[in-house]
Amino acid sequence: MIGKGFMVSGIIIEVIANDGDRLQTRNITTRKTVFFDRSALEKAIKLGMAEEITKQDDQGQNKSV
């Protein structure tokens, strides 16, 4: 998951470290570190509250999920 980007509740984050069940991410806008429980992020994706994004999404092009 390291290097992948996600949009969660309108916030774009990038996974920068993986420590088992805990993900260290960077908020792209504020550059602050945010920690996520891996299962909470996976559950949010399944429920449609979060989505994986690609570098193309940041440029306003087609999404690839």
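Just a few scattered comments:
- Table column - 3J(HN,Hα) (Hz), the stretch 24-32, Karplus curve with 6.51, -1.76, 1.60, x for Gly and Pro: 9, 10, 10, 6, 5, 6, 9, 6, 8
- Of Ser9, Ile28, Thr54, farthest towards positive along the dipole that unit charges on Lys, Arg, Asp, Glu beta carbons give the stretch 5-57: Ile28
- For Thr54, the residues whose amide H sits under 5 Å from its own are Ser64, ignoring neighbours fewer than 5 places away on the same chain, with H placed 1.01 Å from N.
Values quoted throughout were computed directly from the atomic coordinates according to the rules given, and no laboratory measurement underlies them. Worth saying up front: this structure is predicted, and the values here are computed from it rather than measured. Methodologically, a virtual Cβ is constructed for each residue, glycine included, from the backbone with ideal geometry; neighbour enumeration extends over all protein chains shown.
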